[in-house]
Amino acid sequence: MSTLAHVLEEHGLATIALGIVQGQLESTAPPRGLFCDFPLGRPLGKPADPEFQHRVLAHAFGMLKRTEPGIETFEEAISDDSQVLTCPMPPRAESDDHPAVVEARALRPAYDRTIARYGDRMGAFRLMGPDDVPAAIATFAAIADGAAWKEAGIPGIPARVVQDIRGYYEAAAVSLADHTPAAFEAARWFQHETETGRVILQAREQMKEQGAKQGLWQYLVSGAVAD
């Protein structure tokens, strides 16, 4: 992005780059950069806090007055709360399907409430839609139970499928929690507190033992919440 910013500047368009990794911002040296000490995924800081977000933007736009390139630091830092989200899970219907599949179906009303309130951006999918999530989870449940991963029918690159599943769960969590989750709070909840999160971890170990390439199983777990 910093390279693109320099190209735009050469054509007369002023730019400001917001960065939340200070070393990266400094090493890429944009024409104007604002370092925001915020959690990853929160470029404007506090969610659902337009006053705070407007302060960030006001500082950024104020940098257009600079005549020399440089990097400034936003005045307030935000730490990432490492707690795991606590939210009530909806009741599950009686079923012979895997508990993770039943859990995912039970979360659909909460997911739909979030989408109705915030729009599709809260549930953006790369490979599938919400209707496909239970079947996708079933493929990982089969692997966790010992099925060959190549024959389980994963509907795409495993890590991208898991990203879609995790996005579905995180969107549902927004409507289940009594507050706006902190950065990665819902991701930790998915990975450590849900049936599907546990299935993904088990499938990951099975794929590793079955000799799958590291790039196929490593990224089934988000590095930000791996511990």
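At what distance in angstrom do the alpha carbon centres of the stretch 140-218 and the stretch 58-125 lie from each other?
Between the Cα centres of the stretch 140-218 and the stretch 58-125 lies a distance of 17 Å.
Which of Thr86, Thr194, Thr28 comes first, and how do the rest follow, when ranked by fewest Cβ neighbours within 10 Å?
Least crowded to most crowded, the residues run Thr86, Thr28, Thr194.
For Ile115, Ile157, what's the fewest-to-most ordering of other Cβ within 10 Å of each Cβ?
By the 10 Å Cβ count, ascending: Ile157, Ile115.
Comparing Ala212, Ala110, Ala171, which has the greatest mean-square fluctuation in the GNM of the chain with Cα pairs linked when under 10 Å apart?
Between Ala212, Ala110, Ala171, it is Ala212 that shows the largest mean-square fluctuation.
For a footprinting-style exposure proxy, rank Lys208, Lys150, Lys213 by other Cβ within 10 Å, fewest first.
Ordered by Cβ neighbours within 10 Å, fewest first: Lys213, Lys150, Lys208.
For Lys213, list the aspartates and glutamates whose Cα falls under 20 Å from its own Cα; do not include residues on the same chain fewer than 8 positions away.
Once the sequence-local aspartates and glutamates are set aside, what remains near Lys213 is Asp145, Glu151, Glu205.
Computed from these coordinates, which is semi-axes √(5λ) of the Cα gyration tensor in Å: (1) 38, 21, 15; (2) 43, 22, 18; (3) 26, 23, 18?
(1)
Relative contact order, percent, of the chain when contacts are C-alpha pairs under 8 Å separated by at least 6 residues?
For the chain, the relative contact order is 18 percent.
Read the figures in this text as sums done on the coordinates, not as results from a lab. Note that the structure is a prediction, hence the values are computed from the model and not measured. Reconstructed Cβ throughout: ideal geometry from the backbone, glycine too, with neighbour counts over all protein chains shown.
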